[in-house]
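Step one of this worksheet: look at the structure below.
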Amino acid sequence: MEGIRLLLVDDEEEFVRALAERLRLRDLEGRTALDGRQALEFVAGEAPDVMILDLNMPGIDGMEVLRRVRRDYPAVRVIIHTGHGNDLDEAEAWRLGVFDYLKKPVDIDYLVERIRAASGSD
Amino acid sequence: MKMYSGTIRKAPEGSKLRDLYYSRQKRLFLLVVALALVVPLAGISLFSYNYYKSSWIESTSAELSSLAESRSQIIELFLADQEDALAGIVELYGVDYLSDQASLSQVFTAVNQSGVITDMSVVGVDGRHLAYAGPFTEELSGRNYADADWFQSVMADGTHVSDIFTGFRGTPHIVVAVADPERTWALRATVNSDFFNSLLTSADVGPGGDAYIISWTGELQTPSRLGAADAPFTFDAATPGAAEVLHDERFIYAATPLKGGDWMLVLKTDIDDSLGGLYRARNQVIGFIVLAVALGLVAATMIISPMVNRLREADRRRMELNDRMREAEKMALVGRLAASVAHEINNPLQIIENQAGWIGDLLDDESEGKVSDVTEYRDASDKIRAHVRRAREITHGLLGFSSVGEGLASTDINNLVSESASFLENEAKNSRIAFKWDLGEGLPPVETDRARLQQVFLNIINNAIDAIGRDGAISISTRPADGSGVLAEFADSGPGMPEEVRASVFEPFFSTKEGGNAGLGLSISYDIVRRLGGDIRVSSAPGGGSVFTVTLPSDAGKSKNNTREER
């Protein structure tokens, strides 16, 4: 393990678990959160190095999570990973200071590459 | 293969029907003008014509009537004169003197200086000639008049004027006779019929008219030019001295009784003769009406044609605009639909990709031989992921329909076009395609979404390269657009496109390219340009090939087309 603390936030449970599993195969240990509230609790407990964040979630949506994380934990690198984002969301995300903005579906190897880049270990 | 997409507009249907409508409107207008000219003119003319005609007939009737009256007076006077002359002779000379042939000849010569009387004779009470002066001595010598109508009549009444008759001499004549008061003898004179006739022929009844005297037995007393005693008069109605007038379609008749009702003087005039002037005036008026209508129609045509043309042009523009608006709305709707579908598909695509990827990952951990056909499984997993990537191309392409108009900036169109082309320079060079430049100078900067516009230019140039295939040129020019704004034109030297392709080239999912092309490029370009308040059109280049023209308003950022769609 590389020791990158990774948080995966996505309301598709199946997807997020499988993604975590696959990332582990690539030496990236990730925790998962299924909605915005969980994600924020997680961050409050232990701030991750990199956060993969979906935008479209029930409750507190990804953009709000991003806003709060950027405000309260500016050290956390956030990579948006969404199927719904439009240009405006993308522009807003960039304005809030995301590390990258990826549109689903994303190839796993590219995602890994971006995570490593975000953690600075690449 | 080439790829084009999207339609701007289809030819409006029923344009023939509309042409028909316009020409019908035009004909209707001309008809109204013609009627407006013809009806009042013809009405006035017809009224005037009838009015003048009846007053003509009235005045001609009055003239004819007074003519008939004056003629009848002249004739009555003439006959009375003859009677008076004979009566004077009878009274003056007595039978003894007049029975002498030489004396009678002397008297005859004296009274007949005017030549009104042809001959004169003295007849005894037994009807035998006592003396005769005149040219018919041979024919009349030894004749006995005892049974002649005139003789019996004069012996009964003292005076007599006969109808015209042939008698013994064999030529038509009128006899005037006066008996002495004792009825023992009579003086008889024959009136020169030529002189008598001249009393009528001098009456002016026109070239088609007639004047004659007819007896109550229906015999003509004077020659009739038309040879017909057709006057529609009866003898009993007439008052002596006063004319009766009537007319039919062709003639005006005036009649006066003569000789105590034994004769009737008839004057007849042809209406057409006296109305000749009126008919000429009528023909001139008809000519004038025809001319006025013709001039009116010419003037109306000169007015209506440009009017109808302008109307037609305005209608055509309006319909074209409507079509374009509908098309733009349709495109926007399709775009929104496409973008939302793409959004919904992206999540499941990600899961498919992930699961397939996981299978691949798991296979990596399996030791060779433990799972048979590992390679096949891995191939299948890779293929799934490859096709997910292909699907992603489409869905991410569709997302291009989403918001436009972020990041508006003052943009130099020449700069943007050059930059876009430079991205594709290598690709063009590999296909031996040259760029030909004709960039306008001093073009105003355009307030627009630079990145989006670049996407449009890249797409058009890419299509042009694909359309040419190999060896050719793409001419890129910029210039000021009509009104404000600028225009960029991309003409390729490719084969061009058939009309049905041209019509569909901006439609989403329309593609002539084989393989995994989604057919969204031009559709998205269309959407972007429209939302930037501009316009994109495609036409055929004169020498083959296609020309894409992008027009942009100078203030695209403020255009209402640019308002963001919420998604």
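Just so you know, all these numbers are worked out from the coordinates, no wet-lab data involved. This structure is a prediction, so every number in the text was calculated from the model and none was measured. Note that each Cβ is placed from the backbone with ideal geometry, even for glycine, and that neighbours are counted across all protein chains shown.
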key: Charge dipole (debye, nearest 20) of the protein assembly as shown; +1 at Cβ of Lys and Arg, -1 at Cβ of Asp and Glu   = 2840 debye
Among A:F15, A:G45, A:N56 - extreme Cα towards positive end, dipole of chain A, charges at beta-carbon = A:G45
inquiry  = With the crude spin-label approximation of a point 7 Å out along Cα→Cβ, what separation in nm comes out for B:D147 versus B:N309?
reply    = 10.0 nm
message = From the helices alone, meaning DSSP H stretches of at least four residues, give me the mean residue ellipticity at 222 nm for the protein assembly as shown, per-run term -39500 (n - 2.57), in deg cm²/dmol to the nearest 500.
response = -17000 deg cm²/dmol
note = Dipole check, chain B, charges on Cβ (K,R +1; D,E -1), about Cα centroid: among B:Y52, B:I476, B:S99 the Cα furthest to the positive pole belongs to B:I476
query = Just counting partner chain Cβ atoms within 10 Å, what average do the residues of peptide B:336-347 show around their Cβ?
reply = 3
message = Antiparallel versus total DSSP beta bridges in chain B: what percent is that, nearest 5?
response = 90 percent
message = Considering just Cα atoms, how many Å³ per residue does the convex hull of the stretch B:285-430 enclose?
response = 304 Å³
ask   = For the stretch B:14-274, what is the charge dipole size about the Cα centre, in debye to the nearest 20, if Lys and Arg each add +1 at the Cβ and Asp and Glu each add -1 at the Cβ?
value = 2180 debye
query = In the structure displayed, which of A:K104/B:K429; A:K104/B:K383; A:K104/B:K330 lie more than 23 Å apart, Cα to Cα?
reply = A:K104/B:K429; A:K104/B:K330
query = Per Stokes-Einstein, at 25 °C and 0.890 mPa s, what whole-number D in µm² s⁻¹ belongs to the protein assembly as shown, with the Kirkwood radius over Cα pairs as the hydrodynamic radius?
reply = 65 µm²/s
Long-range HN-HN contacts of A:M57 with modeled amide H, under 5 Å = A:G62
Dipole magnitude of chain B about its Cα centre (Cβ charges: Lys, Arg +1; Asp, Glu -1), debye to nearest 20 = 3880 debye
Peptide A:104-113 - average C-beta neighbours from other chains (10 Å radius) = 5
task = Quick one: what are the phi-derived ³J(HN,Hα) couplings along the stretch A:14-22, Karplus 6.51/-1.76/1.60 with θ = phi - 60°, whole Hz, x for glycine and proline?
result = 3, 5, 5, 5, 4, 5, 4, 4, 5
inquiry  = Can you give me the long-range amide H partners of A:E29? Hydrogens built in the peptide plane at 1.01 Å from N, cutoff under 5 Å, separation of 5 or more residues or another chain.
reply    = A:E2, A:G3, A:I4
request  = Return the average number of partner chain Cβ atoms within 10 angstrom of each residue Cβ along peptide B:385-394.
outcome  = 1
message = Can you tell me what share of the DSSP beta bridges in the protein assembly as shown is antiparallel? A percent to the nearest 5 is fine.
response = 75 percent
inquiry  = Using Cβ contacts closer than 10 Å as the measure, can you line up B:V266, B:V388 from fewest to most?
reply    = B:V388, B:V266
query = Any idea what % of Cα-Cα pairs in chain B are farther than 42 Å?
reply = 61 percent
Cα centroid separation, the stretch A:1-80 to the stretch B:12-62 (Å) = 91 Å
remark   = Expressed in angstrom and rounded, the centroid-to-centroid distance over alpha carbons for the stretch B:121-191 and the stretch B:450-475 is 135 Å
ask   = Using the Karplus equation 6.51 cos²θ - 1.76 cosθ + 1.60 (θ = phi - 60°), what ³J(HN,Hα) coupling, rounded to whole Hz, does each residue of the stretch B:167-172 give in order, writing x for Gly and Pro?
value = x, 6, 7, x, 10, x
task = For chain B, build the charge dipole from Cβ charges (+1 Lys, Arg; -1 Asp, Glu) around the Cα centre, then report which of B:S340, B:V505, B:L267 sits farthest towards its positive end.
result = B:S340
Average Cα contact separation per residue, chain B, under 8 Å, 6 or more apart, as relative contact order % = 16 percent
key: Under-5 Å amide H pairs with B:H247, H placed in peptide plane, nonlocal only   = B:Y253
Cβ-based net charge around B:S99, under 14 Å, with every Lys or Arg adding one and every Asp or Glu removing one = -2
query = When you count, for each residue, the other Cβ atoms within 10 Å and take the mean per peptide, how do A:58-65, B:527-534 rank with the highest first?
reply = B:527-534, A:58-65
task = Quick one: what are the phi-derived ³J(HN,Hα) couplings along the stretch B:412-417, Karplus 6.51/-1.76/1.60 with θ = phi - 60°, whole Hz, x for glycine and proline?
result = 8, 5, 4, 4, 5, 5
query = With a 10 Å Cβ neighbour count serving as the proxy for reagent exposure, in which order, fewest first, do B:W150, B:W263, B:W437 appear?
reply = B:W437, B:W150, B:W263
